[in-house]
Amino acid sequence: VVWVPLRPSSSERRFPWSLDGLRDFIASGIQSFRDCDATALAAVACLLVLFMWYCYHVGREQPRAYATVNALMQSAEANGVQNGFVFCHAPECARCTHHNGLNQKLYHNLQEYAKRYSWSGMGRIHKGIREQGRYLNSRPSIQKPEVFFLPDLPTMPYFSRDAQKHDVELLERNFQTILCEFETLYKAFSNCSLPQGWKMNSTASGEWFTFYLVNQGMCVPRNCRRCPRTYRLLGSLRTCIGNNVFGNACISVLSPGTVIAEHYGPTNIRIRCHLGLKTPSNCELVVGGEPQCWAEGRCLLFDDSFLHTAFHEGPPEEGPRVIFMVDLWHPNVAAAERQALDFIFAPGR
């Protein structure tokens, strides 16, 4: 008898296992998938835990610029907030002090920042601190910041609206909101000479009042409670300086006949934004010898480290000139530099 091997059918070539073998194969495949899926889930869980730890660590050392007013109330009162205005009593304050030890203190703050984070991107700040005395003393009289000069920034008295387009458009869209809150505040002037929360500034002539929401990087809680929508708006600005002593936000009022003496701002790392709320005739801002006029509902951007002045020579019947002022980052200050400057010039450091 000759045995002749038969060719397997097509179904046998495709499925050479028995039913039990096929069941075992499928079961092992599902188990392998489950094992793989569990491993992937474990990896994702580990990454999520690491991310949460990182957020906690960074958030603890770099608090948000705008917390709620209630949360800031106790700390602000402990730091000397009186009558809605922050008074600096610290002789070592970088914002108000002019002495030879300032450069050493700034350099120490920079070193501390670099140890915690990185030296990457700190070239201009390091250069500016190292040669700060030379920069401040040798600057031309048209631009002479009083506290800190960051080298190699483009300089010009005025900036176009596109320099901080998002924030400019956001402020202008909320013009009526800010104006309404100002008008509510201003009614108190009919009852007393200087209502709570307002500050009278020294001027060559006339009267200049300011109502601060943020003063030298510190929230003024009582004032923010009285302008809640304007305060919330600050938290929506992308380039508002809110974490260091060069950041301010306030309502500024010039009565008719007021002239503000020429002066310099403390630094060139910011640009000052004025949103016109009430703009009578014969009111001007002069920066670096160049005059500009405010317009209601429009923003005016300028570098206040240039010599500047403002005046209101309009008739009394037209009322005061009123603007909302907020300090924004200079557009050419990089993100890493902003973070470092917030650390170096943090309030109270």
Accessible area per residue, 1.4 Å probe, Å², for the range 209-286: what's the number? 28 Å²
Can you work out the PRE-style zone for I142? Point 7 Å along Cα to Cβ, and I want the residues of the range 269-300 with backbone N under 16 Å. 286-292
So how do 42-48, 307-313, 201-207 stack up, highest first, on mean other-Cβ count within 10 Å? 307-313, 201-207, 42-48
For S205 and A346, what does the FRET efficiency come to when R0 = 35 Å and r is the distance between their Cβ atoms, rounded to the nearest 0.05? 0.45
DSSP beta bridges in the range 280-349: the antiparallel percent, rounded to 5, is 100 percent
Carbon/sulfur fraction of accessible area - the range 226-349, other protein chains in place, 1.4 Å, %: 48 percent
Take the residue pairs K115/K199; K144/K165; K144/K187; K105/K165 and return only those whose Cα atoms are more than 29 Å apart. K115/K199; K144/K187; K105/K165
Nearest-0.05 FRET efficiency for E284 and A114 at R0 = 56 Å, using Cβ-Cβ distance, is 0.80
Rounded to the nearest 0.05, FRET efficiency between T155 and L194 (Cβ-Cβ, R0 30 Å) equals 0.20
Please work out the C-alpha center-to-center distance from the range 109-146 to the range 215-270 and express it in whole Å. 24 Å
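The values are calculated or read from the model by the stated rules, or taken from the named source; none is laboratory data. Just so you know, these numbers come straight off a predicted model, no measurement behind them. Note that each Cβ is placed from the backbone with ideal geometry, even for glycine, and that neighbours are counted across all protein chains shown. Each accessible area value is taken on the protein alone, full model and side chains, heavy atoms only, with ligands, DNA and RNA left out. Shrake-Rupley method; radii C 1.70, N 1.55, O 1.52, S 1.80 Å.
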